[in-house]
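*Asks:* I'd like to ask some things about the structure below.
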Amino acid sequence: MKLSIIVPIFNEINYIEEVANNLKNTFINENVEYIFINDGSNDGSEKWLKSYIKKQPEGNTKFINLTKNTGKGNAIHKGLKICTGDYVLFQDSDLELDTEDSLEMYQILKKDKTIKCVFGSRYLTGKLKSNKNYFNEFVGRTNSFIFNILFFQSLSDVHCGAKIISREVIKKTNLTIKDFGFEIDLASQIAKNGFDIFEYGISYFARSFEEGKKITWIDGLKTYYYLFKARFVDNDLSTQFSILFSTAYMMYVGSHFSMGTGNLLMILITGIIGLFVGLKRKAASSSLIYLFCFIGSLFSKGNGKIYAVVLGFIVGLYLSKKISALIGKKTTNRFIHFFV
C-alpha cells in the first residue's frame, strides 16, 4: 500500500520545518509520497520548501508552488490531481495536530481494507488537548451537529484537518470549494456517496491568532452557506426538482394555518420540512404526501384540522416510501426513476 500525504502551506515559516521532520520521522517505515503545496506564502515558506525538496529522494516528495493565495481547498485540489497513493492523508502544517495520531489512523486502514475513510476528532479523545478558545470549539461542535442533521450522520468533528480517504472515495468526489469550506465539501460528498465515515480521537494543541491561526469568524459564517449548498443545491437534477416541488407544496400547506406572524412561522416550518422530504422522495411519490395532507384538511375544523393534516402527512410519507421502493425494484427506466 502507498500513502500520499498532502500538506497545504500558507505562511508557516515558523512551523513548516518541524512539521516536515515530524512527518518524515513518523512515517519512516511506510511507503509514502509527500506533496507540499505552497499557497502563495510571502514569509519565506516558499524558499524553505524549495531548498527542502532538493534534499529529498527523487520521487518521494513533490512540490506545487502557487504564486497567489487561493485557499486551503484549492491547494488540496492541486495535490489530489498529482497524488498516486492508494490512500490520501490531509495534514495541516500548523502543528496543532500530532503526526503520530495520523499514523495510527493509517494503520487502522491498513488492517481493515473495508474502511474507506477515517476522520480525526479533536473532541472524541482521551489524548492531550490544549484549547483556550471556547468560541471556536463551540462553533466547531455546532457545525458538526448541523452537518449530522443535514446528512444523517453522527460525527463529532467535521472540521478536523486530519483525514484519510481511499482512492475509491476520491474517484467518487467532485470537490469545488476552495477555502476552509473544503472540510464540509469533502464530508458531504462522502456521505452522499454512501461511504461510512469512521472517527478516531486525536491530540489537539490549538494556537492563537498571534501564533498564526488563520481561520476567522467570516469563515464561520461561510460555513453555513456551504452546509446549505452541499445539502440542498449540489444535487442531481431529479433531486433538485423534488426539493423545489416538495418545498412549494409544503409551504402551501403551511399557509392554511394560523394568521399573521403565526402563519409566516408555519410557512417557514413546513418549507423546511419540504426541503428534507425532497431529499428522500422524488416528485411523483412525494405527491402522495400532498394528497393525504389535502384529504386530512377535509376533516375537522380549527386546531383539530392541524392534527388531521399531520396524520395525513405521516400516512403519505409512509405510502410514498413503500411505493418508491416497489417501483425501484420493478423497473430501471430512467424517466420513471426521475419522478419516482
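The values are calculated or read from the model by the stated rules, or taken from the named source; none is laboratory data. Every value quoted in this text rests on a predicted model; they were computed, and no experiment measured them. Counting neighbours? That spans all protein chains shown, and the Cβs are built from the backbone with ideal geometry, glycine included.
*Asks:* Name every residue in segment 99-122 that is outside any helix (DSSP H, G or I) and touching a strand residue (DSSP E or B) at 6+ places or on another chain (Cβ under 8 Å), in order of residue number.
*Replies:* Passing the criteria: ILE115, LYS116, CYS117, VAL118, PHE119, GLY120, SER121, ARG122.
*Asks:* Using the structure shown, decide if PHE180 is within 15 Å of TYR226 (Cβ to Cβ) and not in a helix (DSSP H, G or I).
*Replies:* For PHE180, the condition - within 15 Å of TYR226 (Cβ to Cβ) and not in a helix (DSSP H, G or I) - is met.
*Asks:* In addition: Determine which member of the set LEU275, LEU311 is in a helix (DSSP H, G or I) and closer than 26 Å to ARG231 by Cα.
*Replies:* When all the criteria are applied, what remains is LEU275.
*Asks:* Which of the residues that make up segment 183-204 are without any contact (Cβ under 8 Å) to a residue 60 or more places away in the chain, in a helix (DSSP H, G or I) and not aliphatic (A, V, I, L, M)? Give the derivation first.
*Replies:* In the first step, residues of segment 183-204 are kept if they are without any contact (Cβ under 8 Å) to a residue 60 or more places away in the chain; the result is 183-184, 186, 188-189, 191-194.
Going one step further and asking which of them are in a helix (DSSP H, G or I), we end up with 183-184, 186, 188-189, 191-192.
Correct list: GLU183, SER188, GLN189, LYS192.
*Asks:* Out of the residues in segment 210-259 that are in the same structural domain as LEU103 (by TED's automatic domain parsing) and over 25 Å from ASP185 (Cα atoms), state the one that is surrounded by the fewest Cβ atoms within 10 Å (Cβ to Cβ).
*Replies:* Checked segment 210-259; the qualifying residue surrounded by the fewest Cβ atoms within 10 Å (Cβ to Cβ) is GLU210.
*Asks:* Then there's this: Which one is farthest from ILE215 (Cα to Cα), of the residues in segment 128-160 that are exposed (fewer than 15 other Cβ atoms within 10 Å of the Cβ) and touching a residue at least 24 places away in the same chain (Cβ under 8 Å)?
*Replies:* Per the stated criteria, the residue is PHE152.
*Asks:* Also, I was wondering about something else. Inspect all residues belonging to segment 30-53 and state whether any of them is touching a Cys at 6+ places or on another chain (Cβ under 9 Å) and in contact (Cβ under 8 Å) with a residue 40 or more places away in the chain. Please lay out each step first, then the result.
*Replies:* Of the residues in segment 30-53, the ones touching a Cys at 6+ places or on another chain (Cβ under 9 Å) are 33, 35.
This time we only want the ones that are in contact (Cβ under 8 Å) with a residue 40 or more places away in the chain, so: 33, 35.
There is at least one residue in segment 30-53 that is touching a Cys at 6+ places or on another chain (Cβ under 9 Å) and in contact (Cβ under 8 Å) with a residue 40 or more places away in the chain.
*Asks:* Additional query: Which numbered condition trips up SER324, out of (1) over 27 Å from PHE152 (Cα atoms); (2) in contact with a Lys or Arg (Cβ under 8 Å, 6 or more places away or on another chain); (3) of a type in the set (Gly, Ala, Ser)?
*Replies:* (1)
*Asks:* Only one of (1) in contact with a Leu (Cβ under 7 Å, 6 or more places away or on another chain); (2) β-branched (Val, Ile, Thr); (3) closer than 20 Å to TYR123 by Cβ fails for THR223. Which number is that?
*Replies:* Unmet condition: (1).
*Asks:* Another question, if that's okay. Of these, LYS81, LYS62, LYS72, LYS54, which one is closer than 21 Å to ILE215 by Cα and either among the charged types (D, E, K, R) or within 26 Å of the chain's Cα centre (by Cα) (or both)?
*Replies:* Result: LYS72 is the single residue among LYS81, LYS62, LYS72, LYS54 that is closer than 21 Å to ILE215 by Cα and either among the charged types (D, E, K, R) or within 26 Å of the chain's Cα centre (by Cα) (or both).
*Asks:* What number of residues within segment 206-256 satisfy the criterion of being among the aromatic types (Phe, Trp, Tyr) and at pLDDT below 90?
*Replies:* Step one: filter segment 206-256 for residues among the aromatic types (Phe, Trp, Tyr), giving 209, 217, 224-226, 228, 232, 241, 245, 249, 252.
From what is left, the residues that are at pLDDT below 90 are 209, 217.
Count: 2.
*Asks:* Taking only segment 172-225 into account, find how many residues are among the β-branched types (Val, Ile, Thr), within 16 Å of CYS117 (Cβ to Cβ) and touching a Gly at 6+ places or on another chain (Cβ under 7 Å).
*Replies:* 1
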